[in-house]
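See structure below.
The values are calculated or read from the model by the stated rules, or taken from the named source; none is laboratory data. Computed from a predicted model, the values in this text were never measured in an experiment. Here the Cβ positions follow ideal geometry from the backbone for every residue, glycine too, while neighbour counts run over all protein chains shown.
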Amino acid sequence: MLVFVHDKTVIVFAGGEMAPLKRPLPEFDLVIAADSGLDHATAAGVAVDLLVGDLDSVSDDALTAAREAGVGIEEHPPDKDATDLELALAAAVRHGAAHIVVLGGGGGRIDHLLANAMLLASPAWSEIDVEWHVDSAHILAIRSEATLTGRAGDLLTLLAIGEPADGVTTEGLAYELTDEVLLASSTRGVSNTFTGTAARVRVRTGILLAIHVLGD
């Protein structure tokens with residue numbers, strides 16, 4: 001029986017707009033670009049291992065350079081049932097990702113932004129740590145617990161996705177929660193603040209989307 005080992009850290013460059021990174025990249029094993037994310041990777045001086053998408057927004061120069069460099073290309077038809085970012089995340093999982101860091105994907109259409117945020121909480125990545133650096137925010141899906149690092153006064157919003165998040169407990173925030181419930185239709189978790197350099201969030205059941213607004 002084949003055993004697939006998921007132990008890699010994969011960087012995924014999304015399309016859309018990409019703000020300057022406020023934190024250094026972690027050590028990584030693989031880089032995937034979602035369509036015009038190839039242009040962002042090129043601008044950042046990061047070599048791409050795989051290009052995924054319908055290739056409708058990547059620049060001709062970047063695409064030509066990728067072909068000449070022998071970059072793997074997974075081209076999809078324009079009429080597809082998933083965004084380029086979702087296809088890139090699926091490719092990362094197939095290549096053994098245990099940790100995925102998504103970069104970029106800001107600006108542009110609000111429906112894409114919301115869909116990509118919801119995408120982090122997909123059951124398809126339930127065994128994978130997925131985080132997203134977009135604009136001035138660091139976003140991650142919390143299914144059990146996570147510790148976020150920042151500075152006192154940083155904003156942190158916790159949103160329940162799809163169903164109530166039960167047993168929510170926090171440490172290091174101005175408004176602490178202790179074994180409480182956040183409803184998917186509630187704004188109760190919006191705009192909490194760090195009291196120090198770290199905030200710990202735990203949830204017993206359900207999924208929380210943590211949105212950490214990074215300071216300058």
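Brief remarks follow.
- A count restricted to the range 71-121 and to residues that are assigned to a strand (DSSP E or B) and either closer than 13 Å to GLY53 by Cβ or touching a helix residue (DSSP H, G or I) at 6+ places or on another chain (Cβ under 9 Å) (or both) stands at 9.
- A count restricted to the range 192-215 and to residues that are over 20 Å from the mean Cα position of the chain (by Cα) and either buried (at least 17 other Cβ atoms within 10 Å of the Cβ) or under 28 Å from PRO20 (Cβ atoms) (or both) stands at 6.
- Condition met for ASP54 (in the same structural domain as LEU21 (by TED's automatic domain parsing), surrounded by fewer than 16 Cβ atoms within 10 Å (Cβ to Cβ) and more than 19 Å from HIS133 (Cα to Cα)): no
- For first residues located in the range 173-199 and acidic (Asp, Glu), partners that are at pLDDT 95 or above and not in a loop (DSSP other than H, G, I, E, B) and lie 6+ apart or on another chain with Cβ distances below 7 Å form the pairs GLU176/THR170; ASP179/GLY167; ASP179/THR169; GLU180/VAL168.
- Search result, residues across the range 13-30 that are closer than 16 Å to ALA66 by Cα and surrounded by fewer than 24 Cβ atoms within 10 Å (Cβ to Cβ): LEU30
- Matching option when the condition is over 17 Å from GLY37 (Cα atoms), exposed (fewer than 13 other Cβ atoms within 10 Å of the Cβ) and not β-branched (Val, Ile, Thr), among GLU68, GLU75: GLU68
- GLY108 being over 18 Å from ALA210 (Cβ atoms), without any contact (Cβ under 8 Å) to a residue 60 or more places away in the chain and surrounded by fewer than 20 Cβ atoms within 10 Å (Cβ to Cβ): no
- The residue pairs whose first member lies in the range 138-153 and is under 16 Å from SER126 (Cα atoms), whose second member is outside any strand (DSSP E or B) and among the small types (Gly, Ala, Ser), and whose beta carbons are closer than 6 Å, counting only pairs six or more residues apart or on different chains, are ALA141/ALA121.
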